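S.K.: The structure that follows is given in the form of structure tokens.
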Amino acid sequence: MGNNELMKLREKVDEINLQLMDLLNERAKVVQDIGMLKKLQGTKRFDPVREREVLDMIAEKNEGPFETSTLQHLFKGIFKASLELQEDDNRKALLVSRKKKQENTIVDIKGELIGSGAQTFIMGPCAVESYEQVRLVAQAMKEQGLKLMRGGAFKPRTSPYDFQGLGVEGLQILREVAEEFDLAIISEILNPNDVEMALDYVDVIQIGARNMQNFDLLRAVGKVEKPVLLKRGLAATIDEFVHAAEYIISQGNDQIILCERGIRTYERATRNTLDISAVPILKKETHLPVVVDVTHSTGRKDLLLPTAKAALAIGADAVMAEVHPDPAVALSDSAQQMDIPHFHEFMEALKGFKNKLS
Ligand SMILES: [Mn+2]
């Protein structure tokens with residue numbers, strides 16, 4: 001008999017559970033409507049005064065057996081879940097998100113398809129210093145069958161007294177060498193006013209880590225028809241990174257490549273800490289291609305190869321690294337750029353590794 005009664009009571013609990021579930025979902029729908037209205041009115045979703053009213057109402061009406069504090073605690077959980085539901089809706093709307101677009105965005109850079117599944121390399125000097133310097137790197141890249149060359153003409157440096165780049169002259173050198181070797185050029189632009197001018201010289205506009213939240217610049221590159229390589233800010237969360245890309249796409253340009261380049265942590269063994277798990281997260285959350293910059297994330301030549309392998313293994317669409325004919329005399333990042341023989345070694349090692357992966 002006792003067992004029978006227990007079963008009956010459990011059935012009753014199950015019934016109530018289902019009712020609670022239905023009520024919670026019904027409540028969630030109303031909350032979503034409230035969220036929409038608030039959005040239209042431009043008011044904040046979180047309303048502490050309103051929450052206080054509801055908690056007071058519970059205190060007034062509660063007849064037990066639950067303690068008022070227990071019920072209030074449970075309702076706080078419901079409030080929080082409701083708020084998250086509204087925020088999730090917001091994220092669903094991001095144009096860069098996988099939810100918005102299932103298939104991968106493929107960025108076509110002079111026939112190199114980034115994001116197509118074929119992994120590739122972006123190589124070149126930190127900064128453009130001379131025609132001859134760029135030419136030597138281009139020649140080595142050509143020998144390796146590479147097409148995508150990076151090189152800085154405008155250099156945002158930590159100190160204003162450090163080499164700031166050759167500017168337009170640097171872009172001209174890059175273009176000249178690109179024509180000679182049939183390469184595509186990726187170069188950073190710092191100023192929204194320079195975007196138009198840069199279109200004549202570069203195949204991809206790079207937004208550097210220090211400018212990831214320069215919203216005027218993001219909007220400016222969002223308005224042009226030119227692929228953009230967006231680097232993650234040195235202290236940016238993945239969420240902030242994704243929203244920076246959203247600034248670009250919101251203006252119409254969806255040719256965006258995300259670049260993980262290390263973030264600042266307490267660790268000093270490397271220049272930055274390579275956030276390798278950001279790669280699959282970004283691939284999962286967004287439809288954009290993801291590149292890993294092994295030079296700036298590590299700042300160490302001895303780590304370029306192992307981190308490049310990690311990047312390829314975890315599914316990055318491309319690996320980026322810096323190459324200089326004579327790193328010892330480079331005007332920037334001299335400690336971490338590869339020389340030409342090192343570059344060839346690096347590429348050969350990765351070719352073997354890629355074969356093993358596939
Ligand atoms: Mn550099």
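The numbers here are math on the coordinates, done by the rules we state, and not lab data. Everything numeric in this text was worked out from a predicted model, so none of it was measured. Cβ placement follows ideal geometry from the backbone for every residue including glycine, while neighbour counts extend to all protein chains displayed.
S.K.: Between the DSSP loop rule and a limit of at most 13 other Cβ atoms within 10 Å, which trypsin sites (Lys or Arg not before Pro) in the range 258-289 are left?
M.R.: Arg264, Arg268
S.K.: Sticking with this structure for a sec: Return the loop-located GluC sites (Glu not before Pro) in the range 229-337 (DSSP other than H, G, I, E, B) with at most 12 other Cβ atoms within 10 Å of their own Cβ; answer none if there are none.
M.R.: When the GluC sites (Glu not before Pro) of the range 229-337 are filtered for loop state and at most 12 Cβ neighbours within 10 Å, Glu267 remain.
S.K.: Now, a different point. Please go through the range 44-79 and write out the chymotrypsin sites (Phe, Trp or Tyr not before Pro) that DSSP classes as loop and that have at most 16 other C-beta atoms within 10 Å.
M.R.: Phe46, Phe66
S.K.: Still on this structure, I have one more. Computed FRET efficiency, Cβ-Cβ of Gln213 and Val168, R0 22 Å: what is it to the nearest 0.05?
M.R.: Efficiency at R0 = 22 Å is approximately 0.30.
S.K.: Take peptides 192-205, 112-125 and line them up by average Cβ neighbours within 10 Å, highest first, as a rough protection proxy.
M.R.: Output ranking for 192-205, 112-125: 112-125, 192-205.
S.K.: Same structure again: Give me the extension gain from Asn3 to Ala118: residue separation times 0.36 nm, minus the current Cα-Cα distance, reported in nm with one decimal.
M.R.: 35.1 nm
S.K.: Under a point-charge model restricted to the Cβ atoms of Lys and Arg (+1) and Asp and Glu (-1), what is the dipole moment magnitude of the chain relative to its Cα centre, in debye to the nearest 20?
M.R.: Roughly 560 debye, rounded to the nearest 20.
S.K.: Report, in whole Å, the centroid distance computed from the Cα atoms of the range 235-295 and the range 168-195.
M.R.: With the range 235-295 and the range 168-195 each reduced to a Cα centre, they are spaced 23 Å.
S.K.: Testing the spin-label approximation: label points 7 Å from Cα along Cα→Cβ at Val49 and Ile34. State their distance in nm.
M.R.: Rounded to a tenth, the inter-label distance reads 1.4 nm.
S.K.: Give, rounded to the nearest 20 debye, the magnitude of the charge dipole that the range 219-358 has about its Cα centre when Lys and Arg contribute +1 at Cβ and Asp and Glu contribute -1 at Cβ.
M.R.: The calculation lands at about 140 debye.
S.K.: Count the lysine pairs in the range 2-93 whose Cα atoms lie under 29 Å apart, taking only pairs 8 or more positions apart in sequence or on different chains.
M.R.: For the range 2-93, the number of qualifying lysine pairs is 26.
S.K.: I'd like the orientation of helix 131-143 relative to the chain: the angle between its Cα long axis and the longest Cα principal axis, in ° from 0 to 90, rounded to 10.
M.R.: For helix 131-143, the angle is close to 70 degrees.
S.K.: Suppose we keep just the DSSP beta bridges with both residues in the range 107-357; what percent of those would be antiparallel, to 5?
M.R.: Percent antiparallel among DSSP bridges in the range 107-357 is about 10.
S.K.: For each of His243, His287, count neighbouring Cβ atoms within 10 Å of the residue's Cβ, then give the residues from fewest to most.
M.R.: Final ranking by Cβ density, sparse to dense: His243, His287.
S.K.: Could I have the simple spin-label model distance between Glu63 and Glu176, label points 7 Å from Cα toward Cβ, reported in nm to one decimal?
M.R.: Placing both labels 7 Å along Cα→Cβ, they lie 9.0 nm apart.
S.K.: Sticking with this one: At a Förster distance of 56 Å, what's the computed FRET efficiency of Leu71 paired with Ser130, Cβ-Cβ distance as r, to 0.05?
M.R.: My answer for the efficiency is 0.15.
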